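Scroll down for the structure; my scribbles are underneath it.
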Amino acid sequence: MSNLKMKDAALIYLDRSGGLQKFINDCKYYNDSKQSYAVYRFNILINPSDIVELDAELGNLILHQPLKAAQVFQSVCFIAVKTLSLIGQLQTEMQINIVLKLTHLPPLPSYSLDLCEFPIDYISQRFYMMQGIVIAMTTVTKYTQGARFFCSDEACPLSKGFHYVRVHVPGATESATIRNDFLCNLCTSSLQEDRKFRVLGDKQIVEIITTKALHAFQRYSNNQPFRFQSITVFLRDESVNKMNIGNEYKIIGIPVCVKTSQTAVCIEANRITFCNSKVPSGISDNLRWLLSLTSSSCWKFTAILTNVFASHIVPPGTYNLLKLCLLMSLVQTTDCNKEMKNCLDILIITSDTLLVDRLLNFSISLVPRGIRHLASTEVFPTISRNKYGTGVVSIQAGSALLAKGGICCIGDLASHKKDKLEQLQSVLESRRITVYIPGKKFGDDVNQQMTFPVQCSFWSFVDMDSSSRRNVQKTNTLIGQMDCSLIPANLVEAFGLLINCYESSPCHPLLPIVQHTLKKATDPEGLLSVTSKQFTTEDFEELLAFAKNLNVEFSLEAERMIHGYYLASRRIRTDSIYGSKLSASALKYLISLSEAHARLNLRNKVLKEDVLIAALLFETSLTLKYGATVFCVAPNAVFPFELHNEEYLEQRDLYLTQCQQQLEQFIATYGPGTAVFSSDE
């Protein structure tokens with residue numbers, strides 16, 4: 001009676017939810033098809049809340065014994081097919097394969113699966129919800145949804161009809177569905193498969209890790225190899241190609257134990273949805289107070305932020321140019337499921353790699369997808385044979401794809417081989433990486449290739465005091481140009497910003513750093529700076545999380561200035577032999593820098609004051625690469641004074657105002673519409 005009641009409830013639910021009409025339409029497709037099927041597969045969308053309200057017993061069965069619940073719907077659907085004559089070829093109930101697709105699970109702890117906790121429950125074979133980031137995936141292959149077998153003894157009554165139909169169930173391997181040692185239940189003769197009735201589906205294997213595992217890539221500095229546990233997810237049929245490497249997803253599925261060449265707990269995916277990050281409502285009171293205090297200036301807020309940033313690593317007032325660029329790069333990051341349009345890649349020239357490395361490590365920990373590349377891993381995707389014995393190729397993410405929407409810090413360029421640096425240059429220029437899959441190696445006749453977008457900013461540094469560089473004869477350089485002869489020229493050009501943090505740089509006084517280091521060594525727990533207490537790490541995390549979600553647009557003045565500077569700068573850096581030294585990507589970097597400064601000021605509109613900072617940073621970088629030009633910018637133009645008090649901030653504003661006038665004069669002289677421009681330009 002209980003089973004009959006649940007069948008009635010299932011029929012009522014199908015009728016009310018529109019599932020019955022969808023089932024009838026699916027049956028019409030099968031009935032019109034000329035192909036013969038051993039199994040007819042139907043997806044039924046289930047809203048647990050609605051069905052529990054309709055019949056609690058059936059709802060409980062769906063949530064905790066989904067395979068038995070599918071049998072209830074299988075019986076109802078078979079009766080509907082026979083009653084309404086929907087599929088003429090259908091003979092037995094076993095030929096109907098029902099897949100229950102859940103819209104959601106109750107938001108209760110017992111339905112959530114934490115990938116960090118072990119052991120994982122795979123005995124109950126019920127639905128769980130889990131969340132993770134895709135770190136590897138295979139190409140799409142085929143699996144057997146269902147097959148028809150018959151008794152090999154022609155005298156046996158079970159040698160005809162659809163008495164032996166095998167259907168894939170969660171956790172089953174291919175050998176559980178298709179094998180040659182099945183026996184007849186009636187006469188014990190061997191069973192044979194009728195191949196013309198075999199039904200194939202698509203299958204893809206994906207590996208995910210919990211978001212917490214990414215912390216292993218942050219603030220991790222000793223470069224020792226480590227392991228973290230990944231979970232394998234099986235995607236089938238309509239779920240294949242729904243997940244991308246680097247994205248984070250919520251998955252409803254059934255944990256199962258798969259026994260192939262090795263035993264492992266896997267997830268049979270039922271439903272996949274994107275994970276959307278929560279957008280913070282605002283910033284801390286300290287930063288809000290600072291913003292109101294500096295509202296009269298377009299430059300003071302970011303100046304103070306930069307000055308106090310990472311004050312537990314370097315004393316306030318040092319490395320300001322680098323810290324500003326890092327903050328601007330961080331504020332251009334996005335949520336991993338959104339497209340990252342404007343990246344800010346940074347290459348640092350330094351003689352103090354330890355201090356710079358600490359700054360980079362601290363900075364990437366402020367955003368969810370800040371990845372510190374380890375020497376024991378790969379920067380870009382690699383291929384290997386799938387570990388489940390299927391012979392199919394598995395594509396491993398690498399640090400760059402894991403950093404989707406964030407920052408990939410690859411450390412010292414000298415630690416990477418020549419071929420990897422060439423690959424990095426190609427990625428910086430095209431923002432995509434292509435993986436080649438040799439067919440012969442993986443049992444395929446045809447070679448394949450897969451292209452992945454690389455949506456992250458790259459940070460790296462070069463140690464100019466290493467022995468290999470110290471002993472090399474310096475080449476002749478132009479005024480302001482940095483000798484980067486040991487770095488491939490095309491790679492230097494591919495980085496948007498080149499920053500000089502060398503000891504001799506006027507931006508980095510040595511004495512305060514020495515005093516700061518000694519104080520930290522003698523009193524590790526002591527307060528190094530008052531500002532580190534006033535503006536905490538959490539304040540900067542909230543600021544970046546809020547600012548990166550601001551939608552900014554250019555004012556007309558800012559748009560004219562940025563295009564005018566780009567065209568003028570391109571004009572004066574062009575010669576008749578080599579052409580222009582500025583590529584089209586230079587304009588993208590200028591736009592990105594301008595947007596970043598506006599976001600860091602928590603503004604929705606890019607002003608010409610933001611474009612000025614962008615132009616000064618970019619011109620400083622160009623000077624280091626190619627030498628000074630007519631628009632001559634001092635190395636410390638963005639921070640010409642040490643910011644001790646309000647008076648120095650006012651002096652900086654006056655200085656930047658003069659720089660803005662010089663920039664406008666430069667555009668007026670060399671920009672579009674001036675005498676130096678030809679009609680073609």
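Scan segment 334-363 for residues that are of a type in the set (Val, Ile, Thr), within 29 Å of PRO280 (Cα to Cα) and at pLDDT below 95 and report the count.
Within segment 334-363, the subset of a type in the set (Val, Ile, Thr) is 334, 346, 348-350, 353, 356.
Within this subset, residues satisfying the condition of being within 29 Å of PRO280 (Cα to Cα) are 334, 346.
After this cut, where a residue has to be at pLDDT below 95 as well, the list is 334.
Residues flagged as of a type in the set (Val, Ile, Thr), within 29 Å of PRO280 (Cα to Cα) and at pLDDT below 95 within segment 334-363 amount to 1.
Return the pairs, sorted by first residue and then second, in which the second residue is buried (at least 23 other Cβ atoms within 10 Å of the Cβ) and among the small types (Gly, Ala, Ser), the first residue lies in segment 129-149 and is more than 19 Å from GLY253 (Cα to Cα) and at pLDDT 90 or above, the beta carbons are less than 6 Å apart, and the residues are 6+ apart or on different chains.
GLY146/ALA38; ALA147/ALA38; ARG148/ALA38
This table checks each residue for (1) over 16 Å from the mean Cα position of the chain (by Cα); (2) open to solvent by less than 10 Å² (accessible area, probe 1.4 Å).
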| site | (1), (2) |
| --- | --- |
| ALA400 | no, yes |
| ASP412 | yes, no |
| ASP419 | yes, no |
| ILE437 | yes, yes |
| LYS440 | yes, no |
| ASP445 | yes, no |
| THR451 | no, no |
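Could you identify the single residue in ILE44, ILE12, ILE51 that is in contact with a Cys (Cβ under 9 Å, 6 or more places away or on another chain) and touching a residue at least 24 places away in the same chain (Cβ under 8 Å)? Explain how you work it out, then say what you get.
On the way: ILE12 fails: in contact with a Cys (Cβ under 9 Å, 6 or more places away or on another chain); ILE51 fails: in contact with a Cys (Cβ under 9 Å, 6 or more places away or on another chain).
Exactly one residue qualifies, and that residue is ILE44.
Kindly provide the set of residues from segment 116-136 that are under 30 Å from ALA403 (Cβ atoms) and open to solvent by less than 10 Å² (accessible area, probe 1.4 Å), ordered by number.
So in segment 116-136, the residues under 30 Å from ALA403 (Cβ atoms) come out as 116-118, 120, 128-136.
Hits for segment 116-136 are MET130, GLY132, ILE133, VAL134, ALA136.
Name the strands (runs of 3 or more DSSP E) wholly inside segment 152-212 in which the number of residues that are of a type in the set (Ser, Thr, Tyr) and over 16 Å from GLN91 (Cα atoms) is 3 or more. Show your work before the answer.
Values: elements: 164-167, 191-193, 199-209.
Result: empty, no element qualifies.
From the set of residues in segment 378-398 that are in contact with a Ser or Thr (Cβ under 6 Å, 6 or more places away or on another chain) and small (Gly, Ala, Ser), which is modelled with the lowest pLDDT?
GLY389
Among the residues of segment 338-346, are any open to solvent by less than 10 Å² (accessible area, probe 1.4 Å), of a type in the set (D, E, K, R) and closer than 22 Å to TRP459 by Cβ?
yes
Just the residues that are under 30 Å from SER124 (Cα atoms) and either free of Cβ contacts under 8 Å to residues at least 40 places away in the same chain or part of a loop (DSSP other than H, G, I, E, B) (or both), please, taken from segment 270-310. Explain how you work it out, then say what you get.
Our first condition is that a residue be under 30 Å from SER124 (Cα atoms); within segment 270-310, this holds for 270-276.
Those that are under 30 Å from SER124 (Cα atoms) and either free of Cβ contacts under 8 Å to residues at least 40 places away in the same chain or part of a loop (DSSP other than H, G, I, E, B) (or both): ILE272, THR273, CYS275, ASN276.
Considering only segment 313-367, how many residues are small (Gly, Ala, Ser) and touching a Phe, Trp or Tyr at 6+ places or on another chain (Cβ under 6 Å)?
The initial filter retains those residues of segment 313-367 that are small (Gly, Ala, Ser), namely 317, 329, 351, 363, 365.
Cutting the leftovers down to touching a Phe, Trp or Tyr at 6+ places or on another chain (Cβ under 6 Å) gives us 351.
Of the residues in that region, 1 qualify.
Using the structure shown, decide if ASN241 is at pLDDT 85 or above, open to solvent by less than 20 Å² (accessible area, probe 1.4 Å) and of a type in the set (S, T, N, Q).
Values: at pLDDT 85 or above: yes; open to solvent by less than 20 Å² (accessible area, probe 1.4 Å): no; of a type in the set (S, T, N, Q): yes.
No; evaluated as a whole, the condition is false for this residue.
Among the numbered criteria (1) modelled with pLDDT of 95 or more; (2) open to solvent by less than 10 Å² (accessible area, probe 1.4 Å), which one does ASN47 miss?
(2)
What do you reckon, is PRO368 more than 24 Å from ASP463 (Cα to Cα) and open to solvent by less than 20 Å² (accessible area, probe 1.4 Å)? Can you show your working first?
Details: more than 24 Å from ASP463 (Cα to Cα): yes; open to solvent by less than 20 Å² (accessible area, probe 1.4 Å): no.
Answer is no for this residue.
Looking only at segment 107-154, how many residues end up being under 29 Å from the mean Cα position of the chain (by Cα), hydrophobic (A, V, I, L, M, F, W, C) and closer than 26 Å to GLY201 by Cα?
Of the residues in that region, 9 qualify.
Which residue, of THR318, THR302, THR333, is within 30 Å of ILE133 (Cβ to Cβ), open to solvent by less than 10 Å² (accessible area, probe 1.4 Å), assigned by the TED database to the domain that holds LEU587 and among the β-branched types (Val, Ile, Thr)? Explain how you work it out, then say what you get.
Values: THR318 fails: within 30 Å of ILE133 (Cβ to Cβ); THR302 fails: within 30 Å of ILE133 (Cβ to Cβ).
Within the list THR318, THR302, THR333, the selection yields THR333.
Look at segment 50-62 and say how many of its residues are open to solvent by 10 Å² or more (accessible area, probe 1.4 Å) and more than 28 Å from VAL199 (Cβ to Cβ). Let's see the steps before the verdict.
First, pick out the residues of segment 50-62 that are open to solvent by 10 Å² or more (accessible area, probe 1.4 Å): 50, 52-57, 60-61.
In the following step, the residues that additionally are more than 28 Å from VAL199 (Cβ to Cβ) were identified as 50, 52-57, 60.
Of the residues in that region, 8 qualify.
The values are calculated or read from the model by the stated rules, or taken from the named source; none is laboratory data. Treat the numbers as computed from the prediction; the structure is a model and nothing was measured. When we count neighbours, we look across all protein chains shown, and the Cβ atoms used for this are built from the backbone with ideal geometry, even at glycine. Accessible surface is based on the protein model in full, side chains and every heavy atom, while ligands, DNA and RNA are left aside. Shrake-Rupley method; radii C 1.70, N 1.55, O 1.52, S 1.80 Å.
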